[in-house]
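Before any comments, here is the structure.
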Amino acid sequence: MDANRLAKRFVPAAVAWPGISARCRLAIRAGRYSQTVATARAFAILGVAGCASHQAAVTNAPAPAATAVRIDTLPSVVMSLGGEARDQTANAFYSLSRREWPGPNQYRSANGAPGPQYWQQRADYKITATLDTTSRSVSGFVQIHYTNNSPDTLHYAWLQLDQNLYRPGSQGSLLFPADSRWGVRGFRGGYDLSDVQVAGQSATPRINDTMMRLDFPRAVPPRGGTVDVTMKFRFNVPDHGSDRMGRDGALYEIAQWYPRMAVYDDVAGWNTDQYLGQGEFYLEYGDIDFAVTVPAGYTVAASGVLQNPGEVLTATQRERLARAARSALVVPVISVEEAHARTAPGTRTWRFRAEKVRDVAWAAAPDFRWDATSWNGILAQAYYQWPKSGKSWEAAAEETQWTIRHFSEMFAQYPYPQATSVAGPVGGMEYPMFVMVAGGEDSLSTFSTITHEHGHEWFPMVVGSNERRYAWMDEGFNTYIETFSKELRWRDTVMIESMVNNWKNAVNAGSDVPLMTSADNIPPSGLGAVGYRKPAVLLLTLRNQVVGPTLFDAAFRDYIREWSFKHPTPGDFFRTIENATGRDLSWYWREFWYTTNVLDIGVDGVRHEQQSGESVAIVKLHRRTPVVFPVKLRVKYSNGSVRDFDLPVEIWANGSVFDAVLPAPVAVVGVRLWPDTSVPDWDNSNDTWGDPPPADPVRKVTLK
Ligand SMILES: [Zn+2]
């Protein structure tokens, strides 16, 4: 019997739920019946589901516990509040300022979806570039066809010049130590730009560090006006490109390599945050045709689809690639025997086209091994130097295929025709259809990074949030979906505990900051926690402990579908989740996204009383931080029986203590908060009382 059927069968005789602003007394009376722990749990859920605003709790009842316990009489359950007066602004349920929640308006709807007048700009690129391996430089020409879909007339544009991070004295070089992950390592680089033209007329760039303003000779009209920007560019390739690009010997990994349009949106207008190294990217969608000229012996791996295989691949390679495109098994396109440095006179030009992308990147080396396979018509490829890349890379094409397949099945179909992994000096970095991952012998580490980087194809390559402002919408969402991938691939792995510990370590080290902190302002030592694990834990907690997997999974897929190839903001995500799960989650966003408060609720004690002729146990709960949270209690009775009770978050509306009045036909001898120990409660020493019943084993996450 599942919880829904129980909920219908045992309709409470009397339910009083006057709302969260007044003293709350909830009385539920039911007749005599036999039941199991499962029905007791369902009853407790039913109790909190008595008012319409909590129906979600009923449909979302957790899976029944296993142990059957016979309890002949179920007395009334009465909850009463601790009742201390509080300043309204200190109330955990008080509305957020919603600074990050623009609207709702005609562009962004109240239900979290793009509004009826939603618009975004479009940037299409044609790029030709040459890699000079003697001067270790890239030079090229870019033509940007920019479409102004906004309701505004534009008189100028901002472009991103990421290579200027490597100019001596750049803002990033001043902020991040030279030897740090994002540091410039003393490299002196930056763009040389020439022949800058706007609408066919010579233009004078106004460069501010990594941003460039170009004024339009004629205003670009709203709702479809276009303008073309062209220029020549050149830069020396940094060996260590802030762990996002670089060079190792003859191998080049090239990204942030051409001047790109900044995003103009309805929230900020021009998004002009500088590229400092740690913060990632926010880019417009469009189609990109690019041609890369390299020494003739080089192989190029890239975003997009190769347009001229007849000019750059041998007949044998083309035949192998065609076979791989129909094969679920891995086909070597350049085999281990063939993967030695080739020297050939002259150069070759590799042409690629990438559609519906926000960026493109590429890599080139004379000695790549190249493996390919496919799933559902999507080519999955791995390029790696052998044996330098480490043995783990022989599995990389299969891992790429596996990742694309499982994320497609779990969240949303991968929308691109190919997915490429390249081994090289960059530890792990993502671009559309193309990721760079460090070489190594450790197969767990290589899979972990490959599945993480390809997860970024969903966040933020397809769901195009502002990574530079909101690391949690990029790395956090990706770490969340990566949890499902890893727990599926590694049968014995459950991720949550290590992620909670990572968050705790950041708190203890003083490097925790609110999730809303922009990526560059997160302490580098806290980035792994604040940008990745903490938001992943909070999404898992929201899913598993607050709204339930069924509604959350559907809501999360709604969010992906609504915002694919668009620019969602935090408010759009919050609204999508609240609408789709039927919950007001202000308290959750407020405490966990806008503050560094942590959850710590404890059990202060238990006493027994007679109330209305029935024996009850009063469990004294104590909230030790501002963070409110729904409470799950597991109670052990003197006859050995065990029952679970769910209390709604609203028990904390009027104070930090709450007396939960529970049926106690026999004495309560032990209490455990959070039978599911994956709840991120900070101090588990106060989570039990007496002789506590056992906790549940921590379960793997499985998509609903
Ligand atoms: Zn990442």
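Quick notes on this one:
- Euclidean distance between Cα centres, the range 167-203 to the range 252-287, Å: 14
- Over the chain, dividing the summed -39,500 (n - 2.57) contributions of all DSSP H runs of at least 4 residues by the number of residues returns a 222 nm mean residue ellipticity of -6000 deg cm²/dmol.
- Extension gain from residue 105 to residue 188, taking 0.36 nm per residue of separation minus the Cα-Cα distance: 25.3 nm
- Shape category assigned to the range 134-201 from the gyration tensor of Cα positions, a/c cut at 1.5: oblate
- With Cα atoms, 0 to 90° folded angle of helix 570-581 axis to the chain main axis: 40
- A prolate overall shape is assigned to the chain, the ratio a/c of its alpha-carbon gyration tensor axes (a ≥ b ≥ c) being 1.5 or greater and a/b exceeding b/c.
- Ranked 319, 399, criterion: other C-beta atoms within 10 Å, fewest first: 319, 399
- Sum of side-chain charges, residue 658 neighbourhood, beta-carbon under 9 Å (Lys, Arg +1; Asp, Glu -1): +1
- Simple spin-label estimate for residue 615 and residue 239 in nanometres, 7 Å along Cα-Cβ: 7.7
- The lysines whose alpha-carbon is closer than 17 Å to the alpha-carbon of residue 636, local same-chain residues fewer than 8 away aside, are 620.
- Principal-axis analysis of the Cα atoms of the chain puts helix 315-324 at an angle of about 10° to the longest axis.
- Compared with the dominant principal axis of the Cα atoms in the chain, helix 477-489 is inclined by about 80°.
- Net charge of neighbours whose Cβ lies under 12 Å from the Cβ of residue 126, counting Lys and Arg as +1 and Asp and Glu as -1: -2
- Aspartates and glutamates whose Cα lies under 16 Å from that of residue 566, excluding same-chain neighbours fewer than 8 positions away: 124, 265, 266, 284, 287, 355, 359, 457, 467, 474, 558
- Cα-based shape type of the range 581-622, given that a ≥ b ≥ c are square roots of the gyration tensor eigenvalues and the cut on a/c is 1.5: oblate
- Listed residue pairs exceeding 24 Å between alpha carbons, taken from 486/704; 126/388; 126/232; 388/534; 632/704: 126/388; 388/534
- Proximal charge balance of residue 433 [Cβ under 14 Å; K/R count +1, D/E count -1]: -3
Where a number appears in this text, it was derived from the coordinates with a stated rule and is not lab data. Please read these numbers as outputs of a predicted model, since none were measured by experiment. In this analysis, Cβ positions are derived from the backbone assuming ideal geometry, glycine residues included, and neighbour counts consider all displayed protein chains.
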